[in-house]
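The values are calculated or read from the model by the stated rules, or taken from the named source; none is laboratory data. Only a predicted model underlies this, so the values are computations on that prediction, with no experimental measurement involved. Please note: Cβ atoms are built from the backbone with ideal geometry, for glycine as well, and neighbour counts cover all protein chains shown.
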Amino acid sequence: SIPAAVTSALASAARFGALIKGGAALEQLREIKKLAFDKTGTLTEGKPRVTRVVSVHEQEDQILSLASAIEMGSSHPLATAIIDETKSRSLTFSEATDIRVLTGRGVEGTVAGRTIKIVAPRYIDDKDLGEHKTTIESLESEGNTVVVVKDEENVLGLIGLADTLREDAIKAIRKLKSIGVESVMLTGDNRRAAAAIAGKLGIDYKAELLPEDKVKAVQAIQAQNKGAVAMVGDGINDAPALKTAELGIAMGRGSDVALETADAALTHERLIELPHMIQLSQNTARITR
Ligand code: ADP
Ligand code: MG
């Protein structure tokens with residue numbers, strides 16, 4: 001039978017916004033020495049905005065319209081941001097066909113007979129980016145994510161997007177550190193933006209990771225770490241890493257896949273509940289021993 005102290009700990013965690021899926025997860029929480037965070041939607045709000053549109057072979061409006069047609073097939077926060085910007089400029093866009101989501105990379109499809117692809121600049125040949133490479137690098141260094149919109153032949157344009165750090169991220173990371181838990185950021189985003197954001201938080205990071213690279217990164221941390229490793233994420237791309245970590249923690253408004261895979265969830269998406277739930281598990285251990 002479940003000790004009353006465990007039941008009561010799970011109930012009080014649920015009250016402050018931490019859903020812990022059972023006694024085993026509560027046990028694991030106590031052993032956590034390292035927390036790996038996804039960036040977009042986890043450390044940041046996951047509501048990026050378009051900050052720049054750079055015309056290359058098409059005009060700004062056309063870049064946004066073509067991109068939005070394709071992004072309609074993606075549920076990624078970047079897709080929502082691009083579509084919102086297009087609508088706010090009162091632009092229309094047609095329906096795309098054959099949309100394929102390239103998880104952790106981008107999205108592609110056909111609009112008005114053209115094959116349009118939207119991907120991170122690292123998947124584009126330097127010679128196709130030409131003089132625009134420096135624009136990309138400076139936008140990224142300021143913390144922007146840049147996506148390249150291209151057709152079969154040309155780079156049509158660039159879209160820069162930026163997200164906001166969650167209001168309690170710095171405080172949560174500081175608190176975690178004070179209770180002996182180190183944080184690291186694992187992201188699919190570019191390394192310059194990752195460095196800018198990790199710098200604000202004062203933590204280490206690994207960038208440009210595909211979903212399977214996030215798994216390898218968690219395994220590498222597990223190999224050098226004495227305690228248990230927890231992974232916090234919100235996306236489909238995080239699910240394999242959530243499963244690999246001793247404890248997977250999902251954000252409450254994250255994807256269903258992340259929520260199902262995880263051992264715990266932050267129902268109100270408050271990062272400060274992470275140190276709270278670890279402390280709660282430590283206090284419960286004292287009672288049940
Ligand atoms: P994160 O780890 O930050 O949550 P993802 O793994 O979801 O990021 O995505 C990694 C990168 O792949 C993004 O920074 C972007 O460059 C590209 N990408 C992913 N999905 C899309 C999309 N729908 N449209 C454009 N680019 C995308
Ligand atoms: Mg994410």
Quick one: count up the residues across segment 106-139 that are in contact with an Asp or Glu (Cβ under 9 Å, 6 or more places away or on another chain) and not in a loop (DSSP other than H, G, I, E, B). 14
Matching entry among Gly41, Gly46 (being touching a Ser or Thr at 6+ places or on another chain (Cβ under 7 Å) and either not assigned by TED's automatic domain parsing to the domain that holds Asn237 or not in a strand (DSSP E or B) (or both)): Gly46
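Is it fair to say Ala220 is more than 13 Å from ligand 1 (Cβ to nearest atom), surrounded by fewer than 18 Cβ atoms within 10 Å (Cβ to Cβ) and assigned by TED's automatic domain parsing to the domain that holds Asp38?
Criteria met by Ala220.
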Count - residues of segment 19-38 that are crowded, with 24+ Cβ neighbours inside 10 Å and either within 16 Å of ligand 1 (Cβ to nearest atom) or basic (Lys, Arg) (or both): 4
Go through segment 61-99 and report how many residues are under 26 Å from Thr44 (Cα atoms) and not aliphatic (A, V, I, L, M). 14
Of the residues in segment 123-134, those that are surrounded by 15 or more Cβ atoms within 10 Å (Cβ to Cβ) and among the acidic types (Asp, Glu) come to Asp128
Would it be correct to say that Thr44 is of a type in the set (Ser, Thr, Tyr) and either within 23 Å of Asp256 (Cα to Cα) or in contact (Cβ under 8 Å) with a residue 24 or more places away in the chain (or both)? yes
Kindly provide the set of residues from segment 172-188 that are aliphatic (A, V, I, L, M) and either at pLDDT below 95 or closer than 24 Å to Glu212 by Cβ (or both), ordered by number. Val184, Met185, Leu186
Residue that is nearest to ligand 2 (Cβ to nearest atom), among those in segment 238-250 that are crowded, with 24+ Cβ neighbours inside 10 Å and either modelled with pLDDT under 95 or part of a helix (DSSP H, G or I) (or both): Asp238
Listed by first then second residue, the pairs whose first member lies in segment 76-99 and is under 15 Å from Ile116 (Cα atoms), whose partner is in a loop (DSSP other than H, G, I, E, B) and more than 13 Å from ligand 1 (Cβ to nearest atom), with beta carbons under 8 Å and at least 6 positions apart or on separate chains, are Ser94/Ala112
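Residues Ala112, Ala120: which one is surrounded by fewer than 16 Cβ atoms within 10 Å (Cβ to Cβ) and in the same structural domain as Glu71 (by TED's automatic domain parsing)?
From the options Ala112, Ala120, the qualifying one is Ala112.
So for segment 94-101 (the condition being within 16 Å of ligand 2 (Cβ to nearest atom), among the β-branched types (Val, Ile, Thr) and surrounded by fewer than 22 Cβ atoms within 10 Å (Cβ to Cβ)), does at least one residue qualify?
Here is the first cut: in segment 94-101, the ones within 16 Å of ligand 2 (Cβ to nearest atom) are 101.
Within this subset, residues satisfying the condition of being among the β-branched types (Val, Ile, Thr) are 101.
Subset that is surrounded by fewer than 22 Cβ atoms within 10 Å (Cβ to Cβ): 101.
Yes, because at least one residue in segment 94-101 is within 16 Å of ligand 2 (Cβ to nearest atom), among the β-branched types (Val, Ile, Thr) and surrounded by fewer than 22 Cβ atoms within 10 Å (Cβ to Cβ).
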Note on Val107: of the conditions (1) at pLDDT below 95; (2) more than 13 Å from ligand 2 (Cβ to nearest atom); (3) under 17 Å from the mean Cα position of the chain (by Cα), unmet is (1)
Options Glu85, Glu58; residue that is more than 9 Å from ligand 1 (Cβ to nearest atom), within 25 Å of Thr187 (Cα to Cα), outside any strand (DSSP E or B) and of a type in the set (Asp, Glu): Glu85
Which condition breaks for Ala220 when tested against (1) in contact with a Lys or Arg (Cβ under 7 Å, 6 or more places away or on another chain); (2) without any contact (Cβ under 8 Å) to a residue 12 or more places away in the chain; (3) not hydroxyl-bearing (Ser, Thr, Tyr)? (1)
Given the condition outside the structural domain of Gly252 (by TED's automatic domain parsing), surrounded by 15 or more Cβ atoms within 10 Å (Cβ to Cβ), of a type in the set (Val, Ile, Thr) and out of contact with any His (no Cβ under 7 Å at 6 or more places or on another chain), answer yes or no: does some residue in segment 56-73 qualify? yes
